[in-house]
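Notes follow once the structure below has been shown.
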Amino acid sequence: MFGFFTSQEKKIRASARQWLELAERVFNYRRDQFTAAESAELQKRTEDLRIKVNQRAETGKIKLSVEALEPVLLRTGGKIYPKSELTEWVEFFLVAGIVLIGIRTYFISPFQIPTNSMWPSYYGMTDKVYHAPQESPGLFGKAFNFLTLGAVHHDVIAPQSGEVAMDLLVKKKPGRKWLIFPATMEEYTLYVNDTPVTVDVPEDFDFRQTIIDAFFNGDGEAWQNASAHAEEAIEQIDMEHSERVRRLDLGRTAQAGRPLLSFDVRAGDMLFVDRFSYHFVRPKVGSGFVFRTDIIAGLQDGTVSADTYFIKRLVGVPGDTLEIREPVLYRNGQPITGAAIFEKEFRQMDGYPGYRNKTPYDPNQIYLTKPGDAVTVPPGNYFACGDNSSNSRDSRYWGFVPAAAVVGRPLFVYYPFTRRWGPPK
């Protein structure tokens, strides 16, 4: 009981001090607008309350002084007192925004994995193909997949019945992410006979993998052979006829009004990045690390926007010499150590494909292009590789990561809700 009254007394005295601060603020900001009588009354009521607080008067007397001060503040406070509910909400969100910006800038930032260059450690956007109408989710299933996996469903409806083909030419166009944020989209065109139907997907999404999964039973080599044959045919015919030859026959028929392709675009892993630690300690070999691309010389060709961030695995620090003897990455003459992932790469376990000298996806690789090639990391730089070595554009292609570009380390995968949720690998 005694504790209750003591607590109430402390609250009243603390409240009285807040009233004094408010009165001083009103006087200092608005005294040039007061009449002499208003100024004198505000000062008198304020001083009366201050004396009682300083002399630790009874709480009843303090409350009487507060009650005498409040109507004076109501008359003289202007926009400072009383505040409207709208003003209080605006101030709340403004302060919260400043705090969040500070945290994001100096401590922890959210980051979304855009591509599958770090698969299977981290997933970029992936597809889920539905091969039969009964497999495709209903309204509830689509909502559930969207909330838990960030999945956006697409049904490409056949405009007529007939043979299905695909245009190998891809168009880029402006679009929206989450219906709000500007983003670059890619427009793919499918044909049923000669009638086109288009589908728009995010630029970083590998739609061709969706075509491989849906029409080539997941056989990437069959896709490569078929598309290469179509490209060769384009070169053997006059340009006025190339539009007809550019199409790749997908070997399926479609029925009018039914989906010729049904799939989800699942969101890439979203994680928090620790921006604080690397101010005090250097990144270690084997760590995943996030870095800016705007000061990497090999990425200034316009293919990557200035505000883009990458995540890769750190495999070389200044002075290290690196070499790939497939599927093993060697650092200073020994198989690289520093992360459990490296052993999985060497053994090609749990989906890890091992390190590759060269891939068929990019002819512009400059480092580690063949067995025996070695590269030494210069001072002030790092060498970054994707865990999905055969499908990763990394330091092998665009060169070294300056130390000044490093942002931080992965801290926690917070979305989507899959087995990868939690601390990063």
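The values are calculated or read from the model by the stated rules, or taken from the named source; none is laboratory data. Because the structure is a prediction, the values reported are computed rather than measured. FYI the Cβ positions are ideal-geometry reconstructions off the backbone, even for glycines, and counts take in every protein chain you see. Side chains included, ligands, DNA and RNA excluded: accessible areas come from the protein's heavy atoms. Shrake-Rupley method; radii C 1.70, N 1.55, O 1.52, S 1.80 Å.
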For this session: Enumerate the strands (runs of 3 or more DSSP E) found wholly within the range 158-252, keeping only those where 1 or more residues are touching a helix residue (DSSP H, G or I) at 6+ places or on another chain (Cβ under 7 Å) and at pLDDT 90 or above.
Result: 162-167, 181-192, 195-202
Seminar exercise, completed: Scanning the range 324-361 for residues that are β-branched (Val, Ile, Thr) and open to solvent by less than 50 Å² (accessible area, probe 1.4 Å), the one farthest from Val375 (Cα to Cα) turns out to be Ile341
Exercise. Can you name the residue in the range 365-387 that is in contact with a Gly (Cβ under 9 Å, 6 or more places away or on another chain) and part of a loop (DSSP other than H, G, I, E, B) and, of all such residues, is nearest to Ile341 (Cα to Cα)?
Worked result: Asp387
For this session: Can you tell me which residue among Asn391, Asn364, Asn381 is in contact with a helix residue (DSSP H, G or I) (Cβ under 8 Å, 6 or more places away or on another chain) and open to solvent by 60 Å² or more (accessible area, probe 1.4 Å)?
Result: Asn364
Exercise. Taking Pro259, is it modelled with pLDDT of 90 or more and under 30 Å from Ala226 (Cβ atoms)?
Worked result: yes
Exercise. Only one of these conditions is not met by Arg30: (1) within 24 Å of Lys11 (Cα to Cα); (2) touching a Gly at 6+ places or on another chain (Cβ under 7 Å); (3) not small (Gly, Ala, Ser). Which number is it?
Worked result: (1)
For this session: Answer with yes or no whether Tyr397 is surrounded by fewer than 23 Cβ atoms within 10 Å (Cβ to Cβ), more than 19 Å from the chain's Cα centre (by Cα) and either closer than 26 Å to Val265 by Cβ or without any contact (Cβ under 8 Å) to a residue 40 or more places away in the chain (or both).
Result: yes
For this session: With respect to Val315, determine if the residue is hydrophobic (A, V, I, L, M, F, W, C), touching a Cys at 6+ places or on another chain (Cβ under 8 Å) and either exposed (fewer than 15 other Cβ atoms within 10 Å of the Cβ) or at pLDDT 95 or above (or both).
Result: yes
Exercise. Got a sec? Which of Asp307, Asp350 is under 18 Å from Trp398 (Cβ atoms), of a type in the set (D, E, K, R) and assigned to a loop (DSSP other than H, G, I, E, B)?
Worked result: Asp307
